[in-house]
Amino acid sequence: MSKISVIFSVLFYASALWGQAPANAAPTRIKVSEYVAATLIEKKFPLVYPEAARNDGTEGTVVLGIVTDTTGNVSEATVESGNPTLAQAALESVKRWKYKPYTVNGAPAEMETRVTVNFRLSNLQPAPPMGNFRDGAYNNEYFGITYAVSQDWVRETEIMRKRLAASPSPGTYVLLAAVHIPQRAASVESSASFVVYALKSTAGAATEDCPKYLTELATELHSSKDAERNGEVTSFTVDGREYYRADFHFRDEPCHRAFICSKANDYLLRWNIGGTSKAEVDQVASTVNDIKSIPVRTEAPAAPDVHSRGAKLDSKVTRVKVGQGVTQGMVIKRVQPTYPEEARRARIQGSVVLSAVVDTNGNVIDLEALDGPPELVVSAVKAVRQWKYRPYILNGQPVEVSTQITVNYTLTVR
């Protein structure tokens, strides 16, 4: 499959208001041009290019008609034109946008407008195989690595890929992302996280070798006053592969961060590690020492192996996939999540979607965050890990279940 970089742009029509409310009337809904409405956008939710459309090379423009309420939330959204598959993706994104309230004579009013979304594919670089997670380890034959990740680390690879898709960076791919959520800790805050990127070398870019890349990255962060490097770039070798590390102190949280870099198959593999302390960062960095090499593929397969959530079943069924609607009725103990105070203060709400594996005793043994605000993931995982299910019986025997769980967070008016 060719590398496809998604370019998401919103087109504005330079036109005036579509209509005006009757004179001397208190308007409840005003038609506003797309150009004017665009200036009121406060927050856009990431657009995800439908995989089927991406694989088929489908491009196009979708026009939506929307209505925002007096608080600036999108209350209605309908498709006016566009490919149905692309339109559904546009709807899922735009419904979660946030606008500044539109006001008339100082009073907020509903706003009716349009949003135009362009779906474009640019064939710049073929995407490398994304690898798979199986039996507690991330495996990628193309880059020749297998990387163990304990159950204290909850994967959020899909969330990070969606965030990258919202602001595409050509030649940059998320291979693996995880957040440290110890199973016995009570806090709903994470102590550390990491993301593994694959960076494709491009003309004029400092991705020819790791020392040059990390040095230029340090210069860029210093110039922007975002961070300062602590010490020099160091190197170490694991299983015959050379790695380079640079530590930074960032202005924003998490302020303790490190970047680890290694060359593989004309890509740079970069670990972005962040923690609440240098000790936390060092602990995450030490996991790189457990990386094992596997035979490297020199060519990407025609159909890349995308993120997998479990081994293929043998003829004797040991795990089955069951819909969320069914597993909801199997819950015998449900623990409500604690709303993170920082997320509450920031007015962050929404749904966290988790992929879960339930063992033959009804215990949740593996979780992966697929969607939702990252600020709410730790809280959702903490709660769901304590859920208890009735064992799923197949042919008279209990089997493991793969399913999805949605945890909703809604702010209440005080």
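Coordinate-derived values only; no laboratory data. Since we're looking at a predicted model, the values are computed, not measured.
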Distant-in-sequence amide H partners of A264 (H built 1.01 Å from N, under 5 Å):
L269
List the residues whose amide H sits under 5 Å from the amide H of S75, counting only those 5 or more places along or on another chain, with H placed 1.01 Å from N in the peptide plane.
V67, T68, D69
For segment 38-43, 3J(HN,Hα) per residue [Karplus equation, 6.51 cos²θ - 1.76 cosθ + 1.60, θ = phi - 60°, Hz, x = Gly/Pro]
4, 6, 9, 5, 9, 8
HN-Hα J couplings of segment 146-152 from phi, Karplus 6.51/-1.76/1.60, θ = phi - 60°, integer Hz, Gly and Pro as x?
10, 9, 6, 9, 6, 6, 6
Structure shown: which of K292/K321; K43/K162; K44/K382; K43/K95 lie over 21 Å apart, alpha-carbon to alpha-carbon?
K292/K321; K44/K382
Rounded Å value of the spacing that divides the Cα centres of segment 61-110 and segment 376-414
32 Å
When the Karplus curve 6.51 cos²θ - 1.76 cosθ + 1.60 is applied with θ = phi - 60°, which whole-Hz ³J(HN,Hα) does each residue of segment 217-231 get, with x for Gly and Pro?
5, 4, 5, 5, 5, 5, 5, 7, 6, 7, 6, 10, 6, 9, x
For segment 208-279 versus segment 125-168, the gap between their alpha-carbon centres in whole angstrom
19 Å
